[in-house]
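Trainee: Attaching a single structure in C-alpha coordinates format; questions to follow.
The values are calculated or read from the model by the stated rules, or taken from the named source; none is laboratory data. This one's a predicted model, so the numbers in the text were calculated from it and none came from an experiment. Heads up, the Cβs are rebuilt from the backbone with ideal geometry, glycines too, and the neighbour counts pull from every protein chain shown.
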(Lines give C-alpha, C1' and ligand atoms only; values in the text may rest on other atoms or scores of the structure.)
Protein backbone atom coordinates (compact mmCIF):
# COMPACT_ATOMS: atom_id res chain seq x y z
CA UNK A 1 0.00 0.00 0.00
CA UNK A 2 1.41 3.38 -0.94
CA UNK A 3 1.63 6.21 1.60
CA UNK A 4 -1.14 8.00 -0.32
CA UNK A 5 -3.40 4.99 0.01
CA UNK A 6 -2.64 4.73 3.71
CA UNK A 7 -3.53 8.38 4.15
CA UNK A 8 -6.74 7.92 2.21
CA UNK A 9 -7.77 5.27 4.72
CA UNK A 10 -7.42 7.76 7.54
CA UNK A 11 -4.47 6.03 9.17
CA UNK A 12 -2.13 8.94 8.76
CA UNK A 13 1.51 8.07 8.57
CA UNK A 14 1.27 4.71 10.24
CA UNK A 15 1.67 1.44 8.38
CA UNK A 16 -0.26 -1.70 9.15
CA UNK A 17 1.20 -4.52 11.23
CA UNK A 18 3.85 -2.30 12.84
CA UNK A 19 4.08 -1.49 16.51
CA UNK A 20 4.76 2.09 17.57
CA UNK A 21 5.96 3.59 20.82
CA UNK A 22 5.66 7.38 20.90
CA UNK A 23 8.83 9.01 22.20
CA UNK A 24 8.59 10.32 25.73
CA UNK A 25 9.69 13.88 26.44
CA UNK A 26 10.63 14.88 29.96
CA UNK A 27 8.73 18.02 30.80
CA UNK A 28 7.61 17.75 34.38
CA UNK A 29 7.55 15.27 37.20
CA UNK A 30 5.62 14.73 40.36
CA UNK A 31 7.06 15.26 43.79
CA UNK A 32 8.65 12.43 45.75
CA UNK A 33 5.64 11.24 47.71
CA UNK A 34 3.15 11.59 44.90
CA UNK A 35 5.41 9.70 42.48
CA UNK A 36 5.84 6.81 44.90
CA UNK A 37 2.12 6.66 45.55
CA UNK A 38 1.21 6.65 41.88
CA UNK A 39 3.96 4.31 40.73
CA UNK A 40 5.53 6.77 38.29
CA UNK A 41 7.03 10.22 38.54
CA UNK A 42 5.91 11.08 35.03
CA UNK A 43 2.34 12.42 34.83
CA UNK A 44 2.06 11.45 31.15
CA UNK A 45 2.71 7.79 32.03
CA UNK A 46 0.09 7.62 34.75
CA UNK A 47 -2.80 5.45 33.65
CA UNK A 48 -4.52 3.73 36.56
CA UNK A 49 -7.05 1.00 36.09
CA UNK A 50 -10.57 2.38 36.30
CA UNK A 51 -12.27 1.82 39.64
CA UNK A 52 -14.82 -0.97 39.87
CA UNK A 53 -17.94 0.76 41.14
CA UNK A 54 -19.68 -2.50 42.13
CA UNK A 55 -16.95 -3.26 44.64
CA UNK A 56 -16.61 0.27 45.80
CA UNK A 57 -12.91 0.23 44.98
CA UNK A 58 -11.09 3.45 44.65
CA UNK A 59 -8.00 4.23 42.68
CA UNK A 60 -5.69 6.88 43.98
CA UNK B 1 11.78 5.34 49.93
CA UNK B 2 10.14 8.11 47.89
CA UNK B 3 13.55 9.57 47.08
CA UNK B 4 14.86 6.21 45.97
CA UNK B 5 11.82 5.68 43.79
CA UNK B 6 12.25 9.03 42.05
CA UNK B 7 15.93 8.23 41.45
CA UNK B 8 14.98 4.87 39.99
CA UNK B 9 12.33 6.30 37.70
CA UNK B 10 14.75 8.95 36.42
CA UNK B 11 17.32 6.17 35.98
CA UNK B 12 14.89 4.25 33.76
CA UNK B 13 14.08 7.35 31.73
CA UNK B 14 17.78 8.10 31.26
CA UNK B 15 18.41 4.56 30.03
CA UNK B 16 16.44 5.44 26.91
CA UNK B 17 17.17 9.20 26.89
CA UNK B 18 20.84 9.46 27.89
CA UNK B 19 21.18 12.87 26.29
CA UNK B 20 18.44 14.58 28.20
CA UNK B 21 20.62 16.80 30.36
CA UNK B 22 17.78 18.26 32.35
CA UNK B 23 16.75 14.77 33.44
CA UNK B 24 20.38 13.98 34.16
CA UNK B 25 20.81 17.01 36.38
CA UNK B 26 17.58 16.16 38.24
CA UNK B 27 18.84 12.61 38.65
CA UNK B 28 22.17 13.75 40.06
CA UNK B 29 20.47 16.08 42.49
CA UNK B 30 18.12 13.31 43.56
CA UNK B 31 20.94 10.78 43.94
CA UNK B 32 22.87 13.20 46.10
CA UNK B 33 19.88 13.78 48.34
CA UNK B 34 19.37 10.03 48.59
CA UNK B 35 22.98 9.44 49.58
CA UNK B 36 22.66 12.15 52.20
CA UNK B 37 19.44 10.66 53.57
CA UNK B 38 21.01 7.20 53.80
CA UNK B 39 24.03 8.59 55.56
CA UNK B 40 21.78 10.28 58.07
CA UNK B 41 19.79 7.08 58.59
CA UNK B 42 22.94 5.04 59.07
CA UNK B 43 24.35 7.46 61.63
CA UNK B 44 21.20 6.94 63.67
CA UNK B 45 20.36 3.28 63.11
CA UNK B 46 23.44 1.50 61.83
CA UNK B 47 24.56 0.33 58.39
CA UNK B 48 22.03 -0.50 55.67
CA UNK B 49 24.36 -2.90 53.87
CA UNK B 50 26.96 -5.25 55.30
CA UNK B 51 29.78 -4.05 53.04
CA UNK B 52 30.65 -1.84 50.11
CA UNK B 53 28.78 1.19 51.31
CA UNK B 54 29.26 2.00 54.94
CA UNK B 55 32.54 2.06 56.78
CA UNK B 56 32.62 0.49 60.22
CA UNK B 57 35.82 2.00 61.54
CA UNK B 58 35.87 1.40 65.30
CA UNK B 59 33.65 -1.56 65.91
CA UNK B 60 31.71 -4.03 63.81
CA UNK B 61 28.33 -2.32 63.61
CA UNK B 62 26.55 -4.73 61.29
CA UNK B 63 25.55 -7.15 64.05
CA UNK B 64 24.60 -4.44 66.51
CA UNK B 65 21.08 -4.03 65.15
CA UNK B 66 18.33 -6.03 66.75
CA UNK B 67 17.45 -9.17 64.79
CA UNK B 68 14.12 -8.97 63.02
CA UNK B 69 12.42 -11.09 65.69
CA UNK B 70 13.80 -8.88 68.44
CA UNK B 71 12.12 -5.78 67.09
CA UNK B 72 9.08 -4.71 69.02
CA UNK B 73 6.73 -2.78 66.79
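Rundown of residues vs (1) in contact with a helix residue (DSSP H, G or I) (Cβ under 8 Å, 6 or more places away or on another chain); (2) modelled with pLDDT of 80 or more; (3) assigned to a loop (DSSP other than H, G, I, E, B); (4) loosely packed, with under 12 Cβ neighbours inside 10 Å, yes/no style:
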site	(1), (2), (3), (4)
A:18	no, yes, yes, yes
A:30	yes, yes, yes, no
A:40	yes, yes, yes, no
A:44	no, yes, no, no
A:47	no, yes, yes, yes
A:50	no, yes, yes, yes
A:59	no, no, yes, yes
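Trainee: Restricting attention to the stretch B:26-54, which residues are within 11 Å of chain A (Cβ to nearest Cβ) and without any contact (Cβ under 8 Å) to a residue 24 or more places away in the chain?
Mentor: Residues satisfying the conditions are B:26, B:27.
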